[in-house]
Amino acid sequence: MEEREIMTIFTKTGAYHQGHFKLSSGLHSPAYLQCAIILADPILAERLCGVLARKIITEKPDIVIGPAMGGIVLAYELARAVGARAMFTERDKDGKMALRRGFRIRPQDKVIVAEDVITTGGSVKEVIALLKTMDVETREIACFVDRAKGAVDFGGISVKSLLKLEVPTFTETECPLCQEGIPIQKPGSKK
């Protein structure tokens with residue numbers, strides 16, 4: 001499946017939006033990708049995660065883990081495609097990324113971090129840092145959309161994606177959409 005076909009799926013399902021958006025990173029953008037719309041369709045989720053699973057070069061992982069919210073369903077579906085266990089991290093009461101709900105990861109486990117969209121890579125970096133505190137090495141990162149087109153440094157960890165998109169992002173003070181007075185939407189899951 002080629003990127004053009006995948007982008008058509010995002011467009012036809014209504015997962016690709018244009019306008020003025022405040023992303024979870026705090027940056028502003030003229031485009032937003034709502035992967036939850038794709039992942040709400042089990043058949044489509046299975047199909048796209050199967051494509052992503054074939055891009056993973058690491059030996060068979062033991063665990064696929066994703067940050068809440070965007071990485072939960074993706075991690076589950078990707079884990080199913082590669083025959084691994086699925087887990088997710090979430091924020092504790094202090095706002096720090098944590099492994100909860102009885103999930104256990106051993107230092108010898110081969111782990112892939114899954115995220116729906118990477119823009120700045122903040123959530124993925126938090127998961128990687130959490131895994132390091134458990135002496136667990138992240139083998140690869142898998143995502144539906146890499147908005148950074150490989151520009152985010154994850155300490156040498158490779159990123160596999162279905163789409164690499166160059167969509168501009170702006171700080172609030174430099175955002176031309178704000179300067180034009182275009183109303184902003186905040187569809188992400190971070191408060």
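The values are calculated or read from the model by the stated rules, or taken from the named source; none is laboratory data. None of the values given here were measured: they were computed from a predicted structure. Every residue, glycine among them, receives a Cβ derived from its backbone with ideal geometry; neighbour counts consider all protein chains shown.
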Single residue of the stretch 26-71 satisfying the filter (polar (S, T, N, Q) and buried (at least 17 other Cβ atoms within 10 Å of the Cβ)) that is nearest to residue 5 (Cα to Cα): 34
Count of residues meeting criterion [among the basic types (Lys, Arg), outside any loop (DSSP other than H, G, I, E, B) and without any contact (Cβ under 8 Å) to a residue 60 or more places away in the chain] in the stretch 93-141: 2
Can you tell me which residue is surrounded by the fewest Cβ atoms within 10 Å (Cβ to Cβ) among those in the stretch 85-109 that are closer than 15 Å to residue 129 by Cβ and among the hydrophobic types (A, V, I, L, M, F, W, C)? 98
Residue hits (the stretch 142-164; free of Cβ contacts under 8 Å to residues at least 24 places away in the same chain and touching a strand residue (DSSP E or B) at 6+ places or on another chain (Cβ under 6 Å)) are 149
Selection count where residues are in a loop (DSSP other than H, G, I, E, B), surrounded by 16 or more Cβ atoms within 10 Å (Cβ to Cβ) and aliphatic (A, V, I, L, M), scope the stretch 158-191: 2
Pairs, please: C-beta under 6 Å, at least 6 apart or cross-chain, first residue touching a residue at least 12 places away in the same chain (Cβ under 8 Å) and in the stretch 6-17, second in a loop (DSSP other than H, G, I, E, B)? 15/34
Checking 79, 129, 98, 84 in turn, the sole residue that is in contact with an Asp or Glu (Cβ under 9 Å, 6 or more places away or on another chain), of a type outside the set (D, E, K, R) and at pLDDT 95 or above turns out to be 84
